[in-house]
1. Being among the acidic types (Asp, Glu) and within 13 Å of B:Tyr33 (Cα to Cα) is the filter; apply it to segment B:45-82 and report the residue that is surrounded by the fewest Cβ atoms within 10 Å (Cβ to Cβ).
2. For segment B:83-104, which residues satisfy the criterion of being touching a Leu at 6+ places or on another chain (Cβ under 9 Å), of a type in the set (A, V, I, L, M) and farther than 18 Å from B:Arg36 by Cα?
3. Regarding segment B:14-29, can at least one residue be identified that is closer than 15 Å to B:Leu77 by Cβ and either facing another protein chain (nearest Cβ under 10 Å) or in contact with a helix residue (DSSP H, G or I) (Cβ under 7 Å, 6 or more places away or on another chain) (or both)?
4. Please go through segment B:40-63 and pick out each residue that is touching a strand residue (DSSP E or B) at 6+ places or on another chain (Cβ under 6 Å) and either away from chain A (no Cβ under 14 Å) or of a type in the set (S, T, N, Q) (or both).
5. With respect to the numbered conditions (1) out of contact with any Lys or Arg (no Cβ under 9 Å at 6 or more places or on another chain); (2) modelled with pLDDT of 95 or more, which one is the sole condition not fulfilled by A:Asp83?
6. If A:Glu5 meets every condition in (1) assigned to a strand (DSSP E or B); (2) in contact with a Leu (Cβ under 8 Å, 6 or more places away or on another chain) apart from one, which number is that one?
7. In segment B:83-111, how many residues are crowded, with 21+ Cβ neighbours inside 10 Å and more than 14 Å from every other protein chain (Cβ to nearest Cβ)?
8. Quick one: in segment A:52-63, of everything that is surrounded by 15 or more Cβ atoms within 10 Å (Cβ to Cβ) and of a type outside the set (A, V, I, L, M, F, W, C), which residue is nearest to A:Ala19 (Cα to Cα)?
Amino acid sequence: SQQGEEDPQALSIQEGENATMNCSYKTSINNLQWYRQNSGRGLVHLILIRSNEREKHSGRLRVTLDTSKKSSSLLITASRAADTASYFCATGLSGGSYIPTFGRGTSLIVHP
Amino acid sequence: GAGVSQSPSNKVTEKGKDVELRCDPISGHTALYWYRQSLGQGLEFLIYFQGNSAPDKSGLPSDRFSAERTGGSVSTLTIQRTQQEDSAVYLCASSLKTSGTHEQYFGPGTRLTVT
């Protein structure tokens, strides 16, 4: 079964606006990762946040993690047309599993 | 350095034929994963190799699917007697398990079409 689920499934915004995507998961995790997938390509790792962290930044990306709500959010500020892609969260489960489990993704379209 | 490579990039095959998909992970990465992604869907885990340990085959959808990893490096995913529902993009990823982050590096995928 899917461990992480992204919300919304699709998001359409104008260039310059901020984009927020959410991820919910069901069981305990030791880390959560966000990936981007451009159409027809493989996934690219964006950022990892550990279960003892609450917020992390990388360039225009801001990730938050709320383990009490079992949720994470990815914020892309000042979006660009090049940010158009699908975004996936992947959870690393507690208990030693090294198989990150991916959600279905959020499809983001940034209109120039 | 070189990333994860996969071949072929596209494969069209007739129903009932066998296919082999190849993955070359990043040198030194001990963990290798195969995923399947159907159109507009998330990633479905298939199989995981870690060093010399027995692979985790829990995601393989049927006994028509098998994979091996020779010498701890190159991996081949084999699908026997292909069916139309096997059509998907097959993604391979590798990671440096000992990094503690389990960040995965993905190949570009093989798009399989079964006619």
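1. Of all residues in segment B:45-82, those among the acidic types (Asp, Glu) come to B:56, B:63, B:68.
Okay, now just the ones that are also within 13 Å of B:Tyr33 (Cα to Cα), so B:56, B:68.
On the way: B:Asp56: 17, B:Glu68: 12.
Looking at residues that are among the acidic types (Asp, Glu) and within 13 Å of B:Tyr33 (Cα to Cα), I get B:Glu68.
2. Quick first cut of segment B:83-104, residues touching a Leu at 6+ places or on another chain (Cβ under 9 Å) only: B:86-95, B:101-104.
Checking the rest, the ones that are also of a type in the set (A, V, I, L, M) come to B:88-89, B:91, B:93.
Once the filter is applied, which keeps residues that are touching a Leu at 6+ places or on another chain (Cβ under 9 Å), of a type in the set (A, V, I, L, M) and farther than 18 Å from B:Arg36 by Cα, segment B:83-104 yields nothing.
3. no
4. Once the filter is applied, which keeps residues that are touching a strand residue (DSSP E or B) at 6+ places or on another chain (Cβ under 6 Å) and either away from chain A (no Cβ under 14 Å) or of a type in the set (S, T, N, Q) (or both), segment B:40-63 yields only B:Gln50.
5. Only one criterion in (1) out of contact with any Lys or Arg (no Cβ under 9 Å at 6 or more places or on another chain); (2) modelled with pLDDT of 95 or more is unmet by A:Asp83, namely (1).
6. (2)
7. 1
8. Initially, segment A:52-63 is screened for residues surrounded by 15 or more Cβ atoms within 10 Å (Cβ to Cβ), giving A:56, A:61-63.
From what is left, the residues that are of a type outside the set (A, V, I, L, M, F, W, C) are A:56, A:62.
Working: A:Lys56: 16, A:Arg62: 10 Å.
The residue in question is A:Arg62.
The values are calculated or read from the model by the stated rules, or taken from the named source; none is laboratory data. Owing to the predicted nature of the structure, the values given are computational and were not obtained by experimental measurement. Note that we place each Cβ from the backbone using ideal geometry, even for glycine, and neighbour counts take in every protein chain shown.
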